[in-house]
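**Q** Structure in structure tokens, see below.
The values are calculated or read from the model by the stated rules, or taken from the named source; none is laboratory data. Note that this is a predicted model, so its numbers are computed, not measured. Here the Cβ positions follow ideal geometry from the backbone for every residue, glycine too, while neighbour counts run over all protein chains shown.
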Amino acid sequence: MISMHRTSTTRIRFLFNWTSSTDTKQFRNWIAATTNNSVYEFQEYCAANRLPSPPGNLKMLVTPWGGDGNTGSAPIFDKMSAAANQVIVAVPAAAILMGVFGVAFPPVALLGIALGEWIAAAAPDIVLNVNEAANVNADDMREILYNKLAQSIHFPKVGEGYWLAQIAFVINNVVIENNPPYGNATTPGSGRCAVIEAWGFQNGMWATHGRYGAFHTNPGIPASSNTWHSVVERRTFTSGYIAFGWQHDWF
């Protein structure tokens, strides 16, 4: 894994070797570099595909939280208005932590801190929860990050009201209905969720395919038969109603 810092006259490279030991400094450095590089790579993907670039100054939060595999979310808190953040702060802390971050109990780092204060201070736009050591390969991490970066370019197109409604939808499914994370097609708000998540899945997997091609960690014999692109093409729906690959049908 190489992280690069460029100036007009020099190119400095820092090498952080991959490891699946998620509780080590080596992994911390590697995942931080992977997250950082993913933003710049996705900017290049957007430019190549004539898409808007992700918003500037994204706040990326990487945590060891959650307990149901490696997950991500794009709450876009930092880009919300003060009025929107007041709406978020009014939501019970447990609901925000579970629905947005996939955390059943407040992490030790947040104990004693009011949720409103934490959102104001941290206000993450994109969250990556890494807790499944067996599935922390670079392409797996990038697929999650690219997915959420795709959603970050969706946010300014639809507005914060649309996004707040989606956050409420996810919280309702995870915390109240115990049907994480997307409910089903009969759940009010599922149409909005299908639009947001289908866009994320499509671009996340397509960008990962562009980055790795046949050199990936998905099982398949031969490896080229089960690329990230083929995952989009072979699947039909997730949660029974969020479509995979519909953009290819349009092409």
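**Q** Select from the range 48-71 the residues that are hydrophobic (A, V, I, L, M, F, W, C) and crowded, with 17+ Cβ neighbours inside 10 Å and write down the one among them that is modelled with the lowest pLDDT. If you could, list the steps in order and put the result at the bottom.
**A** Within the range 48-71, the subset hydrophobic (A, V, I, L, M, F, W, C) is 48, 51, 58, 60-62, 65.
Filter again for crowded, with 17+ Cβ neighbours inside 10 Å, leaving 58, 60-62, 65.
Values: Leu58: 93, Met60: 93, Leu61: 90, Val62: 90, Trp65: 80.
This residue is Trp65.
**Q** Mind checking which residues of the range 176-233 are within 16 Å of the chain's Cα centre (by Cα), more than 18 Å from Leu149 (Cβ to Cβ) and small (Gly, Ala, Ser)?
**A** Correct list: Ala194 only.
**Q** Shifting gears a bit: Give the residue that is surrounded by the most Cβ atoms within 10 Å (Cβ to Cβ), with candidates limited to residues of the range 177-210 that are free of Cβ contacts under 8 Å to residues at least 24 places away in the same chain and part of a helix (DSSP H, G or I).
**A** Ranking the candidates gives His209 first.
**Q** For residues that are of a type in the set (Val, Ile, Thr) and more than 25 Å from Trp206 (Cα to Cα), scanning just the range 20-47, find the one that is modelled with the lowest pLDDT.
**A** Thr22
**Q** Based on this model, can you work out whether Gly220 counts as of a type outside the set (Phe, Trp, Tyr), surrounded by fewer than 21 Cβ atoms within 10 Å (Cβ to Cβ) and touching a helix residue (DSSP H, G or I) at 6+ places or on another chain (Cβ under 8 Å)?
**A** Spelling it out, Gly220 is indeed of a type outside the set (Phe, Trp, Tyr), surrounded by fewer than 21 Cβ atoms within 10 Å (Cβ to Cβ) and touching a helix residue (DSSP H, G or I) at 6+ places or on another chain (Cβ under 8 Å).
**Q** Next question. Within the range 20-38, count every residue that is within 15 Å of Asp139 (Cα to Cα) and surrounded by fewer than 17 Cβ atoms within 10 Å (Cβ to Cβ).
**A** 3
**Q** Give the residue that is surrounded by the fewest Cβ atoms within 10 Å (Cβ to Cβ), with candidates limited to residues of the range 237-250 that are at negative phi and at pLDDT 80 or above. Steps first, please.
**A** Filtering the range 237-250 down to residues at negative phi leaves 237-238, 241-244, 246-250.
Adding the requirement that they be at pLDDT 80 or above leaves 237-238, 241-244.
Numbers: Phe237: 13, Thr238: 15, Tyr241: 18, Ile242: 21, Ala243: 17, Phe244: 19.
In this case the residue turns out to be Phe237.
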